[in-house]
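Every read-out reported here was derived from the displayed coordinates using simple, explicitly stated rules and does not represent laboratory data. As the structure is a prediction and not an experimental result, all values here were calculated from the model. Note that we place each Cβ from the backbone using ideal geometry, even for glycine, and neighbour counts take in every protein chain shown.
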């Protein structure tokens with residue numbers, strides 16, 4: 001009986017070890033100037049460290065829009081958007097930073113379907129090919145990282161809906177065939193629709209994210225007070241991350257709230273001749289890139305169908321404010 005227990009224990013250990021080795025092999029590089037490491041997978045979680053641009057991390061796990069990482073003696077959670085997948089620590093030298101491809105990990109290749117189909121939770125070349133095609137058609141605006149996350153799933157759903165397919169967010173054989181055909185319908189070129197007031201509903205995951213590019217400077221008007229301040233887009237994947245441009249803009253923003261708050265407010269965003277319905281919160285958090293503006297971090301601006309970074313879900317309070325903003329004009 002004792003020998004049987006020992007054999008069972010050895011079998012369990014031998015099964016677990018390969019899984020741990022394969023899982024710990026993924027590495028990446030920080031693309032943001034300063035990237036906060038959070039204690040948990042939430043933008044409101046405590047900051048336990050900061051990584052500089054170019055730092056190498058080992059990816060231990062995924063959680064929605066977050067990676068659980070280690071880097072030196074630091075560990076915690078960071079946004080996936082700011083990590084460029086690099087080479088595997090298993091000894092492969094054939095990686096590509098822009099696509100996240102790797103010539104190593106034969107087990108990963110075996111896990112991929114030969115017919116090119118894929119779905120939520122998948123990763124690898126099949127997913128990268130789908131992301132590239134969806135980006136060509138205007139449905140996907142994220143990075144070509146080979147990770148089938150919420151952004152890819154949403155883009156697939158939008159493609160399926162537009163092309164009369166069953167909407168399930170999975171690239172099955174029917175979806176893949178239509179996607180790669182010459183008859184595949186493209187997404188709306190504007191990613192937005194106008195109300196009778198001329199204010200536009202910006203569909204964030206249907207081309208909307210590209211309408212206000214990273215680094216762009218734009219105006220924000222609070223609907224209730226009518227106050228206007230200038231912002232700059234820092235980054236953001238599930239929604240727009242912004243910073244007040246100057247200390248005067250920070251003062252105006254704070255006067256709208258009275259004190260910093262996560263409370264949602266209906267706003268209008270004016271950029272490049274367009275006015276978009278949006279919602280903002282007023283809490284400085286995370287990375288700060290503009291020095292001297294007296295705003296320690298950035299804040300969030302949501303548009304139609306955008307999502308929170310922490311949960312990867314659409315926030316109903318933000319969407320209610322976006323709908324309110326649609327009935328106002330600049």
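Given their separation in residues at 0.36 nm each and the Cα-Cα distance between them, residue 40 and residue 270 gain 79.4 nm when the chain is fully extended. The residues 63, 300, when put in order of fewest to most other Cβ atoms within 10 Å, stand as 63, 300. In terms of its C-alpha gyration tensor, the range 153-254 has a prolate overall shape, because the principal axis ratio a/c (a ≥ b ≥ c, square roots of the eigenvalues) is not below 1.5 and a/b outweighs b/c. Counting every other Cβ atom within 10 Å of each residue's Cβ, 267, 48 order from fewest to most as 48, 267.
Shape class for the range 192-325: rounded, because the ratio a/c of the largest to smallest gyration tensor axis (alpha-carbon atoms, square roots of eigenvalues) is under 1.5.
From the alpha carbon centroid of the range 285-330 to that of the range 44-62 is 23 Å. With neighbours defined as other Cβ atoms within 10 Å of a residue's Cβ, the residues 309, 298 order from fewest to most as 309, 298. You can think of it this way: the chain between residue 181 and residue 224 has 10.7 nm of extra reach, that is 0.36 nm per residue less the Cα-Cα gap. You can think of it this way: the chain between residue 217 and residue 291 has 25.1 nm of extra reach, that is 0.36 nm per residue less the Cα-Cα gap.
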